[in-house]
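Student: Okay, here's the structure, questions in a sec.
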Amino acid sequence: MSTASTTTPKLGVQAATKVYQTASGDLLALDRCSLDVRPNEIVSIVGPSGCGKTTLLWSMSGLHRLTAGAILLDGKEITGPRPEIGIVFQEANLLPWRNLDANINFPFEIKGEKPDRAWIAHLLNRVGLDGFGGKFPRELSGGMQQRAAIVRALALKPSVLLMDEPFGALDSFTREEMNRLVEEIWLDTKTTIVFITHSIEEAIFLSDRVVVLTTRPGRVAKVYDVPFPRPRSLEIMATKEVFDLTNKIKMDIVGERVRPIAPERPSAEIVRIRP
Ligand code: ADP
Ligand code: MG
């Protein structure tokens, strides 16, 4: 047996099922979704909008309970939020009345713990926010706020970092910069990362593996290995292999939903508005 198959996954998702109770009835968001995240790897989760990605990530963080199934951290089931698991959301969620330093200290205050100042200084330097500790969120660009949110999460030295479309609201140039930053941080810390994105390019740039979910209810449709060496230079990202893999994953997601637009006859509405 190979070593890989005997290693306990850092994070195990076992037949995760989540039903939301809504005003219009039960909504099945995840249906027996299973996957393993190995120690020190970066796994991206992609899938159509509304397929259950955020639901899956929240479950992995222990922020909400599954209806059935289990989440295992280092082989042990989790039933609530854990200090070993950091999370970064699409919005930076910085407290507007606190400056950057005070925002980064906030989780430590809640936990009644002393922050590791040297580590935080290192992180701030790593993400290019040296000297910005006294600034308030409104004084920072979206990209800088998101970098601060990453520092806030990493300040607690999590062994797993969960990221839910963290750069979805940023312009594409800043987004590429942020992707390089995550790669650098990972090369530095080897933190296990689960990264949700709707950008296949971003997923391939960052990940060791890309997990494709089905349309809702979310289940694992496919898992792709991303075998390209790191750091992933522009040259690597421009190769035919990357292009082919990108298209393959795109076809998985879009292909099954795209139907030929060839209605046999115009709908009643179109007929009515015709002159
Ligand atoms: P994704 O992140 O892939 O876009 P989500 O996990 O946010 O998908 O949502 C999956 C499905 O569950 C969607 O149909 C969404 O409307 C529904 N949903 C998400 N959160 C809730 C909630 N708190 N209550 C009810 N329905 C929800
Ligand atoms: Mg989402």
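The values are calculated or read from the model by the stated rules, or taken from the named source; none is laboratory data. Quick caveat, the model's predicted, so the values are computed rather than measured. Backbone-built Cβ (ideal geometry, glycine too); neighbour counts: all protein chains shown.
Student: Looking only at residues in the stretch 155-201 that are surrounded by 23 or more Cβ atoms within 10 Å (Cβ to Cβ) and of a type in the set (A, V, I, L, M), which one is nearest to ligand 2 (Cβ to nearest atom)?
Tutor: So the residue we want is Ile196.
Student: Now a separate question. Out of Ser34, Ser44, Ser2, report the one residue that is small (Gly, Ala, Ser) and at pLDDT below 95.
Tutor: Every option except Ser2 fails the conditions.
Student: Additional query: If you check Ala155 against the conditions, is it touching a Gly at 6+ places or on another chain (Cβ under 9 Å) and small (Gly, Ala, Ser)?
Tutor: yes
This table checks each residue for (1) in contact with a Pro (Cβ under 8 Å, 6 or more places away or on another chain); (2) closer than 18 Å to Asp164 by Cβ; (3) away from ligand 2 (no atom under 16 Å from the Cβ); (4) touching a residue at least 40 places away in the same chain (Cβ under 8 Å).
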residue	(1), (2), (3), (4)
Ala23	no, no, yes, no
Ile45	no, yes, no, yes
Lys53	no, yes, no, yes
Leu63	yes, yes, no, no
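Student: Mind checking which pairs have a first residue in the stretch 165-189 that is on the phi > 0 side of the Ramachandran plot and a second that is of a type in the set (Gly, Ala, Ser), Cβ under 9 Å, 6 or more apart or different chains?
Tutor: Pairs found: Glu165/Ser199.
Student: Something else about it: Which numbered condition in (1) within 13 Å of the chain's Cα centre (by Cα); (2) more than 16 Å from ligand 1 (Cβ to nearest atom); (3) at pLDDT 95 or above; (4) not small (Gly, Ala, Ser) is the only one that Val210 fails?
Tutor: For Val210, the exception is condition (2).
Student: Can you tell me how many residues in the stretch 20-41 are over 23 Å from Leu187 (Cα atoms) and part of a loop (DSSP other than H, G, I, E, B)?
Tutor: Qualifying residue count, the stretch 20-41: 2.
Student: Say whether the condition of being within 16 Å of Phe89 (Cα to Cα), within 16 Å of ligand 1 (Cβ to nearest atom) and of a type in the set (A, V, I, L, M, F, W, C) is met by at least one residue in the stretch 174-190.
Tutor: So far as the stretch 174-190 goes, no, none of its residues is within 16 Å of Phe89 (Cα to Cα), within 16 Å of ligand 1 (Cβ to nearest atom) and of a type in the set (A, V, I, L, M, F, W, C).
Student: Take Leu100 and tell me if it is within 30 Å of Val220 (Cα to Cα) and modelled with pLDDT of 95 or more.
Tutor: Criteria not met by Leu100.
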